[in-house]
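Participant: One structure follows; several queries about it will come next.
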Amino acid sequence: MGKRPRRSRGSSGTDESSSSPKSYPPPKTVKMASDTGIEENLQSLSPELQTLAQLILKQTKEQQETLLSQFQDVGEKLSGQISTLDNKVEGLSADLTKLRERVGATENVAEFQAAEILDLRRALDEERRERLKADLLAERYSRKADIIIRGLPYRNDENSEQLFAEFLAGKLHLDPVPVAAVHRLARPTKTRLNPPLLARLLNFHDQDRILREGRKLRGNKEGLAVFEHLPPPLMAARASLVPDRNAAIEKAKGGKYCSQGTCNVFE
């Protein structure tokens, strides 16, 4: 019988590892030991180690108790601070509510005062206009009943009174009125061929009638116009009342009037 060939240890180990993998024991789970288990474990130690282990356990317990007490103190402090912050937030919320109420009341008062100021301004403007009208009326009747006619052609041999009478009859369709004086305000020049004609009437009734009919001449091709003879201050004051007059006219017609960027629609 022949001998079987021996396998080397290295080859056998390689074959075994390749054929079946090596298994390891599962890891041990660490469990917290109880006081009884710790005392039982301490009994198995030498007296010197027992003393040392007991000292370590005592210090550990003391540290745990100290940390637990500190955590409790910190928790109580945080709870107190949170309660204080909650109280402060509630106080601030109440103050904010009161402040909003005050702001709302202040806004209401401001709106009411603004409306009152606007009413006072309107009343003052109306009073100013009425006073201005009264002053103009008084000033007008304290002066002479003069009128100025622009656009009448100048003639070298003209009779001013006759020219005025012809103007009344031909352009305004009015009968002749008594006059105190009629004359040109200046001599004709190269730049002003037809100087204005001034007529001083005897009564204001004739003046009002002529001025009323003279408004119908607006826009005529001959350039004729009739004005009341007033000094510059009175002319400026009278011009300031023109928007009110135009607004009153449009209101009576039910139209729309605009002045200085403000438009009013009258219905």
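Participant: Could you please give the count of residues in segment 213-232 that are closer than 14 Å to Leu197 by Cα and acidic (Asp, Glu)?
Facilitator: Adding up the residues that qualify gives 1.
Participant: With the checklist (1) among the charged types (D, E, K, R); (2) open to solvent by less than 80 Å² (accessible area, probe 1.4 Å); (3) free of Cβ contacts under 8 Å to residues at least 40 places away in the same chain in hand, flag the one item Arg122 doesn't pass.
Facilitator: Exception for Arg122: condition (2).
Participant: Does Ala138 satisfy being under 40 Å from the mean Cα position of the chain (by Cα), open to solvent by less than 80 Å² (accessible area, probe 1.4 Å), among the hydrophobic types (A, V, I, L, M, F, W, C) and modelled with pLDDT under 90?
Facilitator: no
The values are calculated or read from the model by the stated rules, or taken from the named source; none is laboratory data. Worth saying up front: this structure is predicted, and the values here are computed from it rather than measured. FYI the Cβ positions are ideal-geometry reconstructions off the backbone, even for glycines, and counts take in every protein chain you see. Surface accessibility is based on the protein's heavy atoms, side chains included, excluding ligands, DNA and RNA. Shrake-Rupley method; radii C 1.70, N 1.55, O 1.52, S 1.80 Å.
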